[in-house]
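The values are calculated or read from the model by the stated rules, or taken from the named source; none is laboratory data. It should be emphasised that the depicted structure is a prediction, and the values quoted were computed from it without experimental measurement. Neighbour counts run over all protein chains shown; Cβ positions are idealised from the backbone, glycine included. Calculation scope for accessible area: heavy atoms of the full protein, side chains included, ligands and nucleic acids excluded. Shrake-Rupley method; radii C 1.70, N 1.55, O 1.52, S 1.80 Å.
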Amino acid sequence: MDGMQPSAALSADRLSKHFGDRVAFQDVSFEIGYGEVFGFLGPNGAGKTTTVRTLGTLLTPTSGTATVAGLALTPDNAVEIRRRISIMPESPGLYLRLTVLENLRCFADLYQVPTATKRIEHVLSAVHLTDRAQDACGALSKGLRQRVALARALLNDPQVLFLDEPTSGLDPVAARGVHDLIDELRQRGVTIFLTTHRLDEAERLCDRVAILNTTLRTIGRPDQLRDELFARTLTVRTAVPLGAPDRLFGSVTGVRAWHEDDLSTYVLTVDDPAQTAPEVTRALVQADADVLSISPSHHSLEDVYLELIDVPAGQP
Amino acid sequence: MTVNPRLVRAVVDKELREFRRNRSMVVGMAIIPLIFSVQPLVTVFALSSSASGPLRHEHVLLYMLGIPALVPSLVASYSVVGEREQGTLEPLLTTPIRREELLLGKALATFIPAAIVAYAVFALFLACVGLFAQPSVASALIRPSDVIAQLVFTPLLAGWSIWVAIVISTRANDIRVAQQLSTLASLPSVALAILIALNVIDVSLLTGVVAAAVLLALNRIGWRVASALFDRERLILGTKA
């Protein structure tokens, strides 16, 4: 590099990968800034892992361009790109006959890590495995193996870290441990490209997410995607059905529309829930309604995902 | 292309550690030398002094070239397909190592124990013949030219077997198939060694030098061919895009 860090840690422009007639992913474009945690979501077979492998120089793209850790994704740059990034595949892929330390030592040598011993101690401590360093990897649980794989991915202090389903098959406690580690890495400014099925995981960890189903369906912050896809609503619950809801809600200026969702439950479409909620409350009190609750409706990332994933490519 | 010795060494160290802890690999490396040394020793010990005459026209020692031809093929055939089956190939390929360095490391890691075993068994064979065979039989068997041929051809044959086995390993989808094909592929070398040992094929100094030069060239070509056939995409996906 010439001393100036490019603005994007990772970018793709109309990147595609085909296997013969089969399209793994098509026309994928995005830009990820340094220090960003970027979630890559999609169903099985959507092309997530193939995208990671392509950006990680393991597969050659069929068309399109990309830059990874400041370098153009070309065969000539492959070795240097691999030096600057790390990939943690879905399966840890550890040498089960070797100890944790021996596994890490091998990869530290392959990354030509200076002061390898110190670095290994550091990554082992980061994944809380210092006391298991001499254990054979074959004797470790799945969760611990995943942590060893994460330690291995951190050995070269990567500029961009690809995590492919890092919590796949882990129990909630082990998954929580991996989440905490990702949080720590984010705080240290590591750019993370996280592919996952787990939408709660993406919502919790990622600054932005992209939804892929062969083509990129959407990209943005989770809250932004929710706002784009779903109307903002307030849900009003009363003890008994309102006498004249049409008149009541029609008198509140911020309410665009309303419908009765269930007996005594009313969903109001509003411009700004925070501004409209007090007005609705006042109107309800004036109408002597027995109000049980007024709450802004919450749409999860899962709702966004389910809304988008079945839409045919090219449609909004 | 320049080879980074540190990366090659990292692969060698890792492979040797794995071999040591893989019992089936250790047993496999021990059985073939036993077959190639015990039976000939028993035959040699049973020979009387009168047998030394015909022995002077044969190159019985070269029979032991079967060891460097067979032993490494078993191990080398595991090298790529084995990593693939245990799921360790992809993490390895995400590191900055080039395929030429990776394969050289794997070849060296097989070559070192195979050459040590072949030389050790040969030395043991010579010692046993020298100590326990009839003196005239021993002097007919142990001829400097055959000893030199054994010393020279052991690494060359081992190297050739290794590259053939690695080529097979990069293309095979199953460890057993790779091992069977590699053993099969090393049989011509073994057969040639036996035919020379039994004097069916007559060899001279010139043919020996030419054969050594050819094997040296084949070793170099083997590395190139194995590297060219090492297709990351196919190895990761199981198919070529």
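Okay, here's what the table says:
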| quantity | calculated |
| --- | --- |
| Part-to-part distance (alpha-carbon centres) for the stretch B:95-111 and the stretch B:16-92, which is given in Å | 22 Å |
| Counted charge near A:Thr235, where neighbours are those whose Cβ lies closer than 14 Å (Asp, Glu -1; Lys, Arg +1) | -1 |
| Distance-filtered residues of the stretch A:180-219 - backbone nitrogen under 16 Å, label point 7 angstrom along A:Phe19 Cα→Cβ | A:214-215 |
| Proximal charge balance of A:Ser251 [Cβ under 13 Å; K/R count +1, D/E count -1] | 0 |
| Helix runs (DSSP H) in chain B reaching 15 Å along axis by Cα, Kyte-Doolittle at least 0.5 | B:23-46, B:66-76, B:99-132, B:144-171, B:175-197, B:205-229 |
| Dipole magnitude of the stretch A:94-215 about its Cα centre (Cβ charges: Lys, Arg +1; Asp, Glu -1), debye to nearest 20 | 220 debye |
| Computed E for A:Ala239/A:His298 - FRET, C-beta separation, R0 22 angstrom, nearest 0.05 | 0.45 |
| Rh by Kirkwood over Cα pairs, then Stokes-Einstein D for chain B at 1.306 mPa s and 10 °C, µm²/s | 84 µm²/s |
| Residues in the stretch B:192-208 reached by a label modelled at B:Ile148 [backbone nitrogen below 12 Å; 7 Å Cα→Cβ] | B:205-206, B:208 |
| Top of A:Ser125, A:Ser29, A:Ser295 by mean-square fluctuation, Gaussian network on chain A, Cα under 10 Å | A:Ser295 |
| Percent carbon-and-sulfur accessible area, the protein assembly as shown, ignoring ligands, DNA and RNA, probe 1.4 Å | 58 percent |
| At R0 = 22 Å, FRET efficiency that the Cβ-Cβ distance of B:Ser48 and B:Leu124 yields, to 0.05 | 0.40 |
| Local electrostatic count, A:Leu129, Cβ distance below 15 Å [Lys/Arg +1, Asp/Glu -1] | +1 |
| By average C-beta atoms within 10 angstrom, highest first, the peptides B:137-143, B:1-7 | B:137-143, B:1-7 |
| Compactness of the stretch A:231-298 as Cα Rg over 2.2 N^0.38 Å, two decimals | 0.95 |
| Residues of the protein assembly as shown: accessible area per residue with a 1.4 Å probe, Å² | 45 Å² |
| Partners for B:Lys14 among lysines (Cα-Cα distance below 26 Å; same-chain residues under 8 apart left out) | A:Lys118, A:Lys142, B:Lys106 |
| Peptide A:86-95, shielding by other chains (average Cβ, 10 Å cutoff) | 5 |
| Protein accessible surface hidden between A and B, which excludes ligands and nucleic acids, total in Å², probe 1.4 Å | 2900 Å² |
| The stretch B:133-213 - Rg (one decimal) and Dmax (whole number), Cα, Å | 16.1, 52 |
| FRET efficiency estimate (nearest 0.05) - Cβ-Cβ, A:Glu121 to B:Leu41, R0 30 angstrom | 0.05 |
| Normalised per residue, the volume of the convex hull around the Cα set of chain A (Å³) | 172 Å³ |
| The protein assembly as shown - Debye-derived log10 I(q)/I(0), Cα point model, q = 0.05, 0.10, 0.11, 0.12 Å⁻¹ | -0.34, -0.90, -1.00, -1.10 |
| The stretch A:90-198, Rg to Rh (Cα coordinates; Rh as Kirkwood inverse mean 1/r) | 0.93 |
| Chain A: angle of helix A:273-286 to the longest principal axis, Cα-based, in degrees nearest 10 | 30 degrees |
| The stretch B:1-92 - convex hull of alpha carbons, volume per residue in Å³ | 150 Å³ |
| MRE, 222 nm, helices only [DSSP H, n ≥ 4, -39500 (n - 2.57), over the protein assembly as shown, to nearest 500] | -17000 deg cm²/dmol |
